[in-house]
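Each value in this text was obtained by applying a stated rule to the coordinates, not by laboratory testing. These numbers were taken from a predicted model, which means no experiment stands behind them. Positions of Cβ are backbone-derived with ideal geometry, glycine not excepted, and every protein chain shown enters the neighbour counts.
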């Protein structure tokens, strides 16, 4: 699965072309929206980035207006994320996460079932997918906070031990 995911072309919020292969071995992919009630999760996402970023982990934010809660242009999204939440983790161009025009990355990620065994559509903004170095995808629904014990334990068990 990882090989496939790592080869999907992505566009950064600054317009550069990249793939997941260019990022740390442990990734937390999240569809974000500036005007969502769950936007305070940005703070916890940034805290994870600061805590584990130098150990082979990164948060990857994918703005989406699929639920009509994202700002209209990427400059506004960048400004909001950096000034409101101090976001330093990589952000990408706006994507669709559901339906026929969903980004190919989300087409693959949504095949992964959540803790209740349900795969399929992203339910709302801030749905999280943790990809571990072995290529496993773990899915967490939007109301699961970024610093939830099950996410932190997964990240920590996937990173090399601290010296």
Selection within the range 78-102 - in contact (Cβ under 8 Å) with a residue 60 or more places away in the chain and surrounded by 18 or more Cβ atoms within 10 Å (Cβ to Cβ): 90, 91, 92, 95, 97
Hey, residue 10 touching a residue at least 60 places away in the same chain (Cβ under 8 Å), surrounded by 20 or more Cβ atoms within 10 Å (Cβ to Cβ), closer than 11 Å to residue 89 by Cα and in contact with a strand residue (DSSP E or B) (Cβ under 8 Å, 6 or more places away or on another chain) or not: no
Among residues of the range 62-99, those that are part of a loop (DSSP other than H, G, I, E, B), over 21 Å from residue 123 (Cα atoms) and within 16 Å of the chain's Cα centre (by Cα), counted: 4
Any hit, the range 35-56, residues being buried (at least 21 other Cβ atoms within 10 Å of the Cβ) and not in a helix (DSSP H, G or I): no
